[in-house]
1. What do you reckon, is LEU79 surrounded by 17 or more Cβ atoms within 10 Å (Cβ to Cβ), in contact (Cβ under 8 Å) with a residue 12 or more places away in the chain and under 30 Å from GLN188 (Cα atoms)?
2. Please name all residue pairs, on different chains or six or more residues apart, with Cβ atoms under 8 Å, provided the first residue is in the stretch 84-109 and is among the aliphatic types (A, V, I, L, M) and the second residue is in a helix (DSSP H, G or I) and loosely packed, with under 15 Cβ neighbours inside 10 Å.
3. Say we look at the stretch 39-75 and pick out the residues that are part of a helix (DSSP H, G or I) and hydroxyl-bearing (Ser, Thr, Tyr); which of these is nearest to SER171 (Cα to Cα)?
4. Can you go through ARG167, ARG155 and tell me which one is among the charged types (D, E, K, R) and either modelled with pLDDT of 90 or more or surrounded by 15 or more Cβ atoms within 10 Å (Cβ to Cβ) (or both)?
5. Looking for whichever is more than 17 Å from the chain's Cα centre (by Cα), under 15 Å from ALA48 (Cβ atoms) and at pLDDT 95 or above here; the options are VAL98, VAL64. Which one fits?
Amino acid sequence: MKLSLPVLALVVATGLPLAACAQQSNAAENGGPSPEIRAQMQQARDNAKTAALNDLTPANRAKVQSIIDQVNNGQLTDLRAAAQQIDAALTPAETKAVLAERDKMMATIRASMPPRPDGAGPNGGPGPNGGPGPNAGPNAGPGPNGAPPNAGNPRGPGGARGNDPGRFLLSLGVSREKMRALREAQMQQQPKPQ
């Protein structure tokens, strides 16, 4: 339960669907967000998509939309390659603007989440061992045992995917069902560890 909000934020950011949260009748039973919060989350995603695409030049907006369309219609099935194509098309200023829209969306989603039962709020309440909560910002103070925030993650607060505008734009433009199907197919193609 302590990880439910960070996991939910990660899921929303990456566009993964949560079947339990998508069913209104089971929302209360599964501990998922209420229909009102889901509507706020969807509105935040819609606003981020509009703003992020508006931050692009018309030519780059057309390139990004073309890549998203190729993924949606099955012509492009490698999500990593699609994200890399989008990343390559964007200017540094566009990359910065898209990531700012992502951060704004995540802040809006965090603000709409109710407090957690353990008292740690979605906006960075106390986390395990008295350190800042999992959603605390970069200036939240020291982490557990005096370590710097996110010290356990050498790649920073976003992890491996933290600064990937292509991945974020794909998560906003490709349907959740399509993303799920493509991820499952990619997982099946990976060699099994021996």
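1. Details: surrounded by 17 or more Cβ atoms within 10 Å (Cβ to Cβ): yes; in contact (Cβ under 8 Å) with a residue 12 or more places away in the chain: yes; under 30 Å from GLN188 (Cα atoms): yes.
In short, yes.
2. Qualifying pairs under 8 Å: MET105/ASN47.
3. Our first condition is that a residue be part of a helix (DSSP H, G or I); within the stretch 39-75, this holds for 39-54, 58-72.
Keeping just the survivors that are hydroxyl-bearing (Ser, Thr, Tyr) gives 50, 66.
On the way: THR50: 13, SER66: 15 Å.
Selected residue: THR50.
4. On the way: ARG155 fails: either modelled with pLDDT of 90 or more or surrounded by 15 or more Cβ atoms within 10 Å (Cβ to Cβ) (or both).
So the residue among ARG167, ARG155 that is among the charged types (D, E, K, R) and either modelled with pLDDT of 90 or more or surrounded by 15 or more Cβ atoms within 10 Å (Cβ to Cβ) (or both) is ARG167.
5. Values: VAL98 fails: more than 17 Å from the chain's Cα centre (by Cα).
Only one candidate qualifies: VAL64.
The values are calculated or read from the model by the stated rules, or taken from the named source; none is laboratory data. What you see is a predicted model, and the numbers here were worked out from it, not measured in a lab. Note that each Cβ is placed from the backbone with ideal geometry, even for glycine, and that neighbours are counted across all protein chains shown.
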